[in-house]
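This report refers to the structure that appears directly beneath it.
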Amino acid sequence: LAVREPTAFSSRTNDTVLTSKVKATFIDARAFPANAVKVVTERAVVYLMGRVTTAEGEKAAELARTVSGVMKVVKVFDPITQAEIDALPKPTPPDQPP
């Protein structure tokens with residue numbers, strides 16, 4: 001992010017719309033868990049953050065770049081391996097006791 005003058009209301013509104021479009025693109029693609037990537041947009045620059053595999057991060061960036069109005073995509077991922085994902089505790093289904 002940059003230290004600059006505050007953005008106009010219209011710019012912030014456009015950024016909110018872009019963030020929503022990027023998240024919707026992730027959901028539609030079903031290429032990875034959409035909630036694994038945090039999306040922040042500032043002045044039409046989309047910042048992608050989260051703990052994802054390298055392949056998931058690349059796919060997220062590729063999808064974000066396809067959204068109309070996105071000027072630039074910045075990846076700020078903390079890469080995780082598939083072995084680390086497999087070692088994470090699995091959530092208990094709501095209908096089963098822990």
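Give me the net charge of residue 69's neighbourhood, meaning all other residues with Cβ under 12 Å from the Cβ of residue 69; Lys, Arg count +1, Asp, Glu -1. Present the calculation step by step, with values, prior to reporting the outcome.
Numbers: positive: 21, 43, 65, 72; negative: 15.
Taking every other residue near residue 69 into account, the sum is +3.
Given +1 on the Cβ of Lys and Arg, -1 on the Cβ of Asp and Glu, and no further charges, what dipole in debye does the chain carry about its Cα centre, rounded to the nearest 20? Walk me through the numbers before you get to the answer.
Values: 13 positive and 11 negative charges, 69 e Å.
Here the size comes out at about 320 debye.
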Worksheet, complete the sentence: Expressed in angstrom and rounded, the centroid-to-centroid distance over alpha carbons for region 26-53 and region 54-76 is 8 Å
Worksheet entry | Computed FRET value (nearest 0.05) for residue 17 with residue 92, which takes r as the C-beta separation and R₀ as 30 Å | 0.25
Fill in: Computed lengthening from residue 74 to residue 43, 0.36 nm per intervening residue step minus Cα-Cα distance
9.9 nm
Discussion item. I want to check the label-to-label distance for residue 62 and residue 81. Put each point 7 Å from Cα in the C-beta direction and report it in nm to one decimal.
Written reply: 2.3 nm
Fill in: Within-9-Å neighbourhood charge of residue 47 [Cβ basis; K, R +1; D, E -1]
+1
Response to the item:
Note, residue 60: beta-carbon cut-off 15 Å, +1 each Lys/Arg, -1 each Asp/Glu, net +4
Item to complete: May I ask which residue of 26, 74, 57 lies farthest towards the positive end of the charge dipole of the chain, with charges of +1 (Lys, Arg) and -1 (Asp, Glu) on Cβ and the Cα centre as origin?
Response: 74
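Ratio of alpha-carbon Rg to the 2.2 N^0.38 Å globular estimate for region 22-98, to two decimals, please.
Numbers: Rg = 14.4 Å, N = 77, 2.2 N^0.38 = 11.5 Å.
Rounded to two decimals, the normalised Rg is 1.25.
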Item to complete: With a cut-off of at most 16 other beta carbons within 10 Å, and DSSP calling the residue loop, which trypsin sites (Lys or Arg not before Pro) in the chain qualify? Please list them.
Response: 4, 30, 43, 51
Worksheet, complete the sentence: Regression test value, accessible area per residue of the chain, probe 1.4 Å, units Å², expected 69 Å²
Worksheet, complete the sentence: Output for region 1-67: GluC sites (Glu not before Pro) sitting in coil per DSSP, at most 14 other Cβ within 10 Å, listed by number, reads none
Fill in: Surface/4 estimate of mean projected area, convex hull on alpha-carbon atoms of region 1-44, nm²
3.4 nm²
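The values are calculated or read from the model by the stated rules, or taken from the named source; none is laboratory data. All figures in this text were calculated on a predicted structure; none of them were measured in a lab. Note: ideal-geometry Cβ built from the backbone for every residue, glycine included; neighbour counts use all protein chains shown. Note: accessible area is taken over every heavy atom of the protein model, side chains too, but ligands, DNA and RNA are not part of it. Shrake-Rupley method; radii C 1.70, N 1.55, O 1.52, S 1.80 Å.
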